[in-house]
1. List pairs: first in the stretch 602-613 and over 12 Å from residue 677 (Cα atoms), second of a type in the set (Asp, Glu), Cβ under 6 Å, 6+ apart or cross-chain?
2. Just checking, which of 551, 612, 604 is closer than 14 Å to residue 520 by Cα and open to solvent by less than 40 Å² (accessible area, probe 1.4 Å)?
3. Going by the conditions given, is residue 458 open to solvent by less than 20 Å² (accessible area, probe 1.4 Å) and hydroxyl-bearing (Ser, Thr, Tyr)?
4. Among residues belonging to the stretch 824-836 that are of a type in the set (Gly, Ala, Ser) and surrounded by 24 or more Cβ atoms within 10 Å (Cβ to Cβ), point out the one that is nearest to residue 213 (Cα to Cα).
5. I'd like to check something: does the stretch 778-790 contain any residue that is under 27 Å from residue 666 (Cα atoms) and either touching a Leu at 6+ places or on another chain (Cβ under 7 Å) or small (Gly, Ala, Ser) (or both)?
6. Out of all the residues in the stretch 515-531, which are under 24 Å from residue 815 (Cα atoms), of a type outside the set (Lys, Arg) and in contact with a Lys or Arg (Cβ under 9 Å, 6 or more places away or on another chain)?
7. Is it the case that the stretch 556-574 has a residue that's open to solvent by 40 Å² or more (accessible area, probe 1.4 Å), at pLDDT 95 or above, touching a strand residue (DSSP E or B) at 6+ places or on another chain (Cβ under 7 Å) and not acidic (Asp, Glu)?
8. If you go through the stretch 338-355 one residue at a time, how many are under 15 Å from residue 144 (Cβ atoms) and among the acidic types (Asp, Glu)?
Amino acid sequence: MKRLFLYLLLVLTTTPLFSQSIQSPAEFLGYEIGTKFTRHHQVADYFEHVAELSDQVELFPYGKSFEGRPLLAVAVSSKENIQSLEAIRKGHLARIGLSDAKAFSDKELTFVWLSYNIHGDEAVSSEAALVTLEKLISKDKKVEEWLKEVIVIMDPCLNPDGRDRYVNWYNNVAMAQLNIDQNSEEHHSTWPGGRVNHYLFDLNRDWAWQVQVESQQRGVLYQHWMPHVHVDFHEMGINSPYFFAPAAHPLHESITPWQREFQHLVGHNHAGYFDDEGWTFYTKEIFDLFYPSYGDTWPIFNGAIGFTYEQGGSRDAGIAVLNDHGDTLTLKDRIAHHFTTSLSTIEVSYLNREKLKKEFKKYFNDAANSPAGKYKSYVIKGSNDRSRVKALLKLLDKQNIRYGMASGTNRNYTGFDYLNNQSGNFSLEKGDIVVSAYQPKSVLAEVLFDPKPNLEDSLTYDLTAWALPYVFEVETYATSERINPDEKAAMPAFVPNPQSRTSPVAYLAAWKDVQDVHFLSALLKENIKVRFSEKPLKANGKQFDRGTLIITRTHNKHVKNFDKKVVDIANSLEQPLDIANTGLSESGPDLGSGSVRYIKKPKIALVNGLGINANSYGELWHYFDQVLEYPVSVINMNYAQRINWSDFDVVVLPSGNYSKISKKLMDFAATGGKLIAVEGAMHMFTAENTQLAIATEEMNKQNENGIELPESKLRRYENAERSYISSSVAGSIYKVHLDDSHPLAFGEDSHIHIMKRNNRAYPYIDDWNVGVIKEDGHVSGFVGSQLKTELTNTLAIGAENYGNGQIIYFTDSPVFRGFWHSGQLLMGNAVFFVGQ
């Protein structure tokens, strides 16, 4: 087994190994691999160089990162396979029911996909990809045998923006004399680090949701190939060795016996190579297979066998570092380990190729003909808000999950009612959307719609619930009965608003979804004055709910071509409009009433920098910049003390520590500004003279008066983790009861579902407890028993009057990871409605 590592010692040098025309990475780059970090464009250039000259490699550019860096992958196999690659691919998809291709190759091969560097500052991965590619085309006899039966797809860098952020920083601070001292600057990357992409999203939490442009483009390419095996390469802390399969528990119950068995086969093979070299490793701990949006689980639920490999190192390692054990960890060491598992994975796949192909076809055949899940059909009611349903269907389209429309006569069924968290009866009506479990992507559909995932072990790494009807807050039912939809039917297309032939007094637009916030944003950017109704009203025989946008002619005399501009903006965003030919309402406030509030175009500040959670900031940044397309001024903590905060109307505070500027922020609110505090940002207000601080102090006193039995302090050391999680929540779904008469809740019904991740319980305040958690709060996913009790009758969303301004509280992010769709309307309410 030592051949792999001995080969690596050779390829790290500048000696050409196999061809005078194709250069080694060292030759091409001009330095020994492992002596410095390679910028992304150099990695891409080398892959393009090899693909241009090798008849064993085909290059697939598949897009660009947000910052414009190329996203690319290569297929590597024998010359003969590459010549027939497209026909082989079509046959592969046709055999699993994902292609209608009639002409394709009878040659059936195994596809192995290797994904490197999804976390930018886990930078060894792309370096390992360089030498792995070289090995695969090196004319090594053993590898040549593999490639007769295996097509290897390699993506050398899934997150080029994050990688270059880290690599450019490191190369900027690195010294000629290598310093392994952990105290040295090159072992302390600066905020926000390179782990995340441009918008500071963790792309390894975005495989299923595909919020980010890199994930979206990669998802299309993945669906184009559908590999049998997928590996996601990572790094962890400098004191850790190496992790590979089998994965830790919990394993999602949808993972098949073969997918579990192959985990052990791969781990056994890796262990042989690592033992030969004396390299330490571990398996079956920490990295589980439950949350469906990882680089191992998402491929698993797409029929593949997915793996996470973790090398000790990451952002603190640099080129070399002395770890806490007194060992020097080098970049060359890290490359050797990832190189070895890359080739070992291909080898195991080659040795088990027949069963891989057989089980893969069986996976999709079973899915289409005898799905294993409890529910056989999911019915999304056609009466839901059109924008929310459209957003949900867009996600299903990204996953290649099929759906259709109910047609014909109505029929009653029994099923699970998501929004009421109970079984009940429902009527299938024409226009309802049906997702049938009888389809090739059945398992993925069942996982994403699963209302209560079965968690075999509460020690898990991430979210424990995620069902799509809660994400989009849409009325949905899951039934054990098979319903065959009309797959040719589709949602009715948007009918553009006509240009009015008259001059209406006002245009009215519903307020039901974040798409309506986007419409408001577009109007305000054009300096069109907008109002909203605080009370329901009726006009032209139609009922309009609280939050309805009202765009009056009389207040927009400054707008040239007013009617055309409003209608054009609405049509570009598929926003239906109603018109009012009189300011006199049939019921409710008239259009000139004081209950029809003017929306001042707010100037918004968003805080980032040291002490601020990068992911929390990133999801808010993305929300304003991409979802609403509304301008914000980003204020870095480095100079926040020098800012004149009175220049702004709204300051949005992501989760973080604001102790350095707390006085300035409180003064801003007292003098009429609006603060929006998300998750950890709320902690600042428990130390200030706020209602939240007073209520928190009272709650703490009550807790201190509780009687703690001495026996409660007797616990076993081995159960320390389990003791901790009794007061924690990894990510579960909670029902929040809303005061839907408050502007902060406009557009929602009497309750909404949130992703609960905040371990802290907050008490009710004196002003407006707009969203609260009651006894029925917990809906799905794991929450510690102690915390579950503490969260009952607590604040989830609040609005406090402070001086002349307001403080808005969100205990959990309403725009979580960019995919929690329903909460995005609440953030729009906080920004544009509250305090007007």
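The values are calculated or read from the model by the stated rules, or taken from the named source; none is laboratory data. What you are looking at is a predicted structure, and each value in this text was computed from that prediction instead of being measured. As a convention, Cβ positions derive from the backbone with ideal geometry for all residues, glycine included, and neighbour counts pool all protein chains shown. Surface areas here come from the heavy atoms of the whole protein model, side chains and all, with no ligands, DNA or RNA. Shrake-Rupley method; radii C 1.70, N 1.55, O 1.52, S 1.80 Å.
1. Once the first residue is over 12 Å from residue 677 (Cα atoms) and sits in the stretch 602-613, its partners that are of a type in the set (Asp, Glu) give 602/649; 603/649.
2. Numbers: 612 fails: closer than 14 Å to residue 520 by Cα; 604 fails: closer than 14 Å to residue 520 by Cα.
After applying the criteria, what remains is 551.
3. Details: open to solvent by less than 20 Å² (accessible area, probe 1.4 Å): no; hydroxyl-bearing (Ser, Thr, Tyr): yes.
Judged against the criteria, residue 458 is not a match.
4. 828
5. The first filter runs over the stretch 778-790 and keeps only residues under 27 Å from residue 666 (Cα atoms), leaving none.
Looking through the stretch 778-790, none of the residues is under 27 Å from residue 666 (Cα atoms) and either touching a Leu at 6+ places or on another chain (Cβ under 7 Å) or small (Gly, Ala, Ser) (or both).
6. The initial filter retains those residues of the stretch 515-531 that are under 24 Å from residue 815 (Cα atoms), namely 515-525.
Adding the requirement that they be of a type outside the set (Lys, Arg) leaves 515-524.
Answer for the stretch 515-531, where residues must be under 24 Å from residue 815 (Cα atoms), of a type outside the set (Lys, Arg) and in contact with a Lys or Arg (Cβ under 9 Å, 6 or more places away or on another chain): 515, 523, 524.
7. Scanning the stretch 556-574 turns up no residue that is open to solvent by 40 Å² or more (accessible area, probe 1.4 Å), at pLDDT 95 or above, touching a strand residue (DSSP E or B) at 6+ places or on another chain (Cβ under 7 Å) and not acidic (Asp, Glu).
8. Number satisfying all stated conditions: 1.
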